[in-house]
Amino acid sequence: MSKAIKNRAVRVPIEEPVFKRYSPHHEFPLSTITSIAVHGLIFGLLALVGYLAFKFGLGNEGRPVPADVVQIADLPGGGGGNPKGVGSGPADGATGDKDAVEAPPETPDPVVVAPKPEDLLAAREEALKLPDFQDDNSKRLVQEGGEQVDKILELTRDTNNKLLKGLAAGKGKGGRGSGGGEGAGQGKGKSDGVGDGDGGGSARLRRMMRWNMDFNTRDGNDYARQLDGLGAILAVPDPKTPGEFLVIRNLKARPVKPVSEDVATLHQIFWRDKDPRSIVSLATALGLKKLPAEIVAFFPEELEARLLDMELKYRNVPEDDIRETRFEVRRIGAKYVPVVISQK
């Protein structure tokens, strides 16, 4: 019995293949594909980071910074040198670059040059010899000087200046009213008038020498609106005829249309704006083709009478005792009105 059992083959169950035993649901191919995808994603991210680092210069601190040549046009009001000059000196300089960009001929630099002390002193001595500066008040204003005084003295060097000739207007006797009357109204009178007469022209000249008008503007268009609100007439030097002016009456037009006109016939007080910044801003807003060296603003006699009335009421002192009155243009409602902000 035991021998039969010994000779009989013992059957053992056949083991399943490894892939079938451990991958009944395809775990092996899925894990392989996932591993490949993850590694591919990692290598792709590394390649992207390297590309971005190269593109934006990360790690290239030692390399020279790339530079391009930029041509900047000369702005009005600049240094006044030759835009094609060679070197850094203040003179015109030699020109040798035939491809250099020239400044537009219609936009000269409106550079304001401060007068030398000796020239200003000479101008004051010359002004004191003129008929308009023989009274005590005019002499005092000239001798003490001031912002507006210097601008007027500059005009006195030209005996044929049209701006000053226009101040001697009317046939009254210098009243405070616009008709040159004695009193503050529009009639005729003896002193301190808007018109000509006993101190008429000299009185207006003295007012321009002591009156300062401040405009607080956002831009050239705002500046033009304020001037128009005060009834101003603008004038710019005629580039074709020295000593003559082109007059702009309609400040609402765009572009404005300057016409040749004798400013001596306007018979109005005026202010001269020679600040390059405001000139560029205002000229651009008005659409002027050529940039003027200065802009002159004439104001109507009605405004002159209002300014004088406000000046006298500010501290209730006589006109001849006032050295300087500063006005500021403010917007009240839809109108622009001047107000007195200081007085000396």
The range 250-320: relative contact order as a whole-number percent, Cα under 8 Å and 6+ apart: 32
Pairwise Cα inverse-distance average, inverted: Kirkwood Rh of the range 194-344 (Å): 16.3
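Taken together, the values in this text are just the output of simple stated rules run on the coordinates, not laboratory data. The model shown is predicted, which means the values in this text are computed figures rather than measured ones.
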